[in-house]
1. Grab the Cα-Cα distance for LYS173 and VAL342, subtract it from 0.36 nm times how many residues apart they are, and report the gain in nm with one decimal.
2. Between their Cα atoms, which of LYS76/LYS147; LYS173/LYS225; LYS105/LYS341; LYS34/LYS139; LYS76/LYS240 are more than 21 Å away from each other?
3. Given a Förster distance of 30 angstrom, what is the FRET efficiency for ASP166 paired with ARG58, based on the Cβ-Cβ distance and rounded to 0.05?
4. Hey, can you rank 209-215, 15-21 by average C-beta count inside 10 Å, highest first?
5. Report relative contact order for the range 110-227 in percent, whole number only (criteria: Cα-Cα under 8 Å, sequence separation at least 6).
6. When you have a sec, figure out the Kirkwood radius of the range 231-271 from all distinct Cα pair distances and drop it here in Å to one decimal?
7. Would you work out which of HIS133, PRO260, HIS309 lies farthest towards the positive end of the dipole of the chain, given +1 charges on the beta-carbon of Lys and Arg and -1 on that of Asp and Glu, about the Cα centre?
8. So, by mean Cβ neighbours within 10 angstrom, what's the order for 200-208, 133-141 with the highest one leading?
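Quick note: the coordinates plus some simple rules give every number you see, no bench work behind them. Predicted, not measured: the structure shown is a model, and the values here were computed from it. Because the Cβ atoms are built from the backbone with ideal geometry, glycine has one as well, and the counts that use them run over all protein chains shown.
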Amino acid sequence: MALKKVGILTGGGDCSGLNAVIRGVTRTAIIGYKAEVVGIEGGFEGLISGQTQELSIRATRDILTLGGTILGTTNKGNPFEYRELRPDGSISVSDYSDRAMETYKRLGLDCLFVVGGEGTLEIGYKFAKKGAHVIGIPKTIDNDLDKTDYTFGFQTAVEVACDALDRLHTTGKSHQRVMILEVMGRTAGWISMESGIAGGAHIIIIPEIPYNIDRIVEKIKARAKGGSPYSIIMVAEGAKEEGGDVITQATASTRLQGVPQLGGVGSYLAEEIKKRIDLEVRCTVLGHIQRGGSPCAFDRVLGTRLGSHAVRAAAEGNFGNMVALKMPDIVLVPLADLAGKVRVVPVDSQLIQCAEAIGISMGR
Ligand code: F6P
């Protein structure tokens, strides 16, 4: 079909590579199809309010190396369940999806590219079911989306976490301390796993394998006995103790988002380890540092390829799909097949076997 006008929005948490996608979509749509490109601002919020900007080759000229998203994003503002804070402190939930559909129609879009993780893509799918022409583009530093080999943003996060571990090694070794690095990863431990191996962590804790503090301490003691009185622990924020639950922070933003904000497992581990050994234990929380900054080359290429391929898929009328990486190609996967699936690190994976084979403790 002839593409005349397409729209793009970025939803959920930001990550490195979003601007590479925006640029890939814009350049392919204009160069290949002479289409107009509209950027919808602030994720689905922009579809409700109608706040947009024109995207041109000029507007996307210098954004390839930029972190974040020039369109803005939010992980609140689901039009189907829009949460607002009432003056009395309670939360109201409204359905603004018809209003968002009106914006989509008023803009006269031939296709809406929805860039996001599992939650954002699920909303995109709901709009597809309401009749919008939607194509999803997978994003998340957590790398936990099903049906794609990698999501962009992940490799950059791994590089950042690996660099942090390299730096923690020097302090750990010089001061004979136990250094803990807490990284993101709600339900999947990919960042913890890959950067832990790359950064020479001695203990890696992931959400998929409940940890036992005594096993962790045994590893630290064994290292000390073997002449290395320091240890590096990598822990994902979503990790759970055997028989325990995730550690969360209570914030106002959490109530509006409707999803608990994780964080604190690293400090908890530090306190518990301190009770059991006579070594200094310190915790560093990497937080949003792993989501920001310039994307690594892999994420620039992946973002560009996904964005460009999405436009081609739209021109061929392949709506209701997500573009995905199935090495070495970009393929199409029905949005319907994603429904609520999260890709975790398989506990019997070669990745975990490899870690344990080289002596890394998984805290079990
Ligand atoms: O889903 C990506 C992610 O970075 C998670 O790893 C993390 O739990 C969450 O987003 C944090 O979101 P926020 O920036 O809203 O705290």
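1. 57.1 nm
2. The pairs that break the limit, which is 21 Å between Cα atoms, are LYS76/LYS147; LYS105/LYS341; LYS34/LYS139; LYS76/LYS240.
3. The calculated FRET efficiency here is 0.15.
4. Descending mean neighbour count gives 15-21, 209-215.
5. Reported relative contact order: 18 percent.
6. Kirkwood radius, the range 231-271: 11.3 Å.
7. HIS309
8. In decreasing order of mean packing, 200-208, 133-141 become 133-141, 200-208.
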